[in-house]
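Nothing in this text is a laboratory measurement; each read-out follows from the coordinates by a stated rule. Model, not experiment: these values are computed from the prediction. Here Cβ is always computed from backbone atoms with ideal geometry, including for glycine, and neighbour counts include all displayed protein chains.
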Amino acid sequence: MVTVARDEARDIQRRPWFKLSARLGLVSRGVIYGLLAYFAIDIALRGSAPAQANGSGALADVAHQSGAPALLVILSAGMFAYGFWRLVQAIGGTSNAGAKSSAQRIGWLAISAVYFALFGQAISLILGSEGSGGGPTSQPSPFVGRVLRWPGGPELVGLAAVVVIGSGVALAVWACMRDFDQAFETWRMGRGSYFGARASQIFGDITRGVLIVLIGIYILVGAVTDDPNHVKSLGEVLKTIAHQAYGGWLLGIGASGLLAFSVSSMFEALYRRV
């Protein structure tokens, strides 16, 4: 059964429509991160963002713009396409590099779940329902609070925090060590495109890694203190940074990194091997 699923997934990866849908998904990811960069800038300037600073908040902000239904339909299609692409990768590996490690496949599976959840959020907004607020990834404190009440809950939350912190560190390290030439169709890229794609990818992924580590640290504090109120979402982490010394400058750097990842996603949509 596993072998059949893997072979089917690899067969799907060779189909032109799958490659096109993956590129659409990468564009949608870029739009989401561009909105997150905007939220970070708004927090730096005003102390609050017009919507929750996460993927669900980005979609909610789109819902308030003119032409929202059409924009949400396009974004929802992109979110589904990106989630499906990562799911197929998790099952079959990658078409250009073969099978990957179990850890990377689990990571792809987790990413696909996040983007399928965003797809569901977009559909709820299209249908006129606000939804549930995006689940535990958008407001983690209540979810963590429930887990802390389980037998062995603090230990489980602590383990999850260590995994999150480790993921953030790994992402930042991977950003610098990634085999760029293997992941991109570099023969189609000019020197400027190559430099722009590489620089935006490194800066963007290091920024994401740092933010993931900060989120993990707050989860770990919640586990150690047995208090879910210490756990913070991305938006709450950004607001906490804003209240620190030089917080505006730090948020500016963070916003630049998120914007860089948005630009990197667009380069991937154009030149990535899929």
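Each label point is 7 Å from the Cα along the Cα-to-Cβ direction; what then is the distance between the points at Val163 and Arg178, in nm?
Taking the two extended label points, one gets 2.3 nm.
Which part of segment 226-267 falls in the paramagnetic zone of Leu45, meaning amide N under 15 Å from the point 7 Å along Cα-to-beta-carbon?
248-249, 251-253, 255-256
Which ³J(HN,Hα) values in Hz, rounded to whole numbers, follow from the phi angles of segment 162-171 under the Karplus curve 6.51 cos²θ - 1.76 cosθ + 1.60, where θ = phi - 60° and Gly and Pro get x?
So the Karplus estimates, Gly and Pro as x, are 4, 5, 4, 4, x, 5, x, 4, 4, 5 Hz.
Scan around Phe184 for amide H atoms under 5 Å from its own, H built in the peptide plane at 1.01 Å from N, and keep only partners 5 or more places away or cross-chain.
Under 5 Å from the amide H of Phe184 lie the amide H atoms of Arg273, each far enough along the sequence or on another chain.
Under a point spin-label approximation (7 Å from Cα along Cα-to-Cβ), what is the His243-Thr3 distance to one decimal in nm?
Once both label points are built, they end up 5.8 nm from each other.
How large is Rg over Rh for segment 2-271, taking Rg from the Cα atoms and Rh as the Kirkwood inverse mean of 1/r across Cα pairs?
Here the Rg-to-Rh quotient is 0.96.
Mind listing the phi-derived Karplus ³J(HN,Hα) values for segment 15-21, rounded to whole Hz, using 6.51, -1.76 and 1.60 with θ = phi - 60°, and x for any glycine or proline?
Working through the residues one at a time gives 8, x, 5, 5, 5, 5, 5 Hz.
Which order do the peptides 264-272, 248-256 come out in when sorted by mean C-beta neighbours inside 10 angstrom, highest first? Each step should come with its number before you reach the end.
Numbers: 264-272: 20.7, 248-256: 17.6.
Ranking, from highest mean packing down: 264-272, 248-256.
Starting from 0.36 nm per residue, how many nanometres of slack lie between Ala77 and Ser193 once their C-alpha separation is accounted for?
Computed gain between Ala77 and Ser193 is 39.1 nm.
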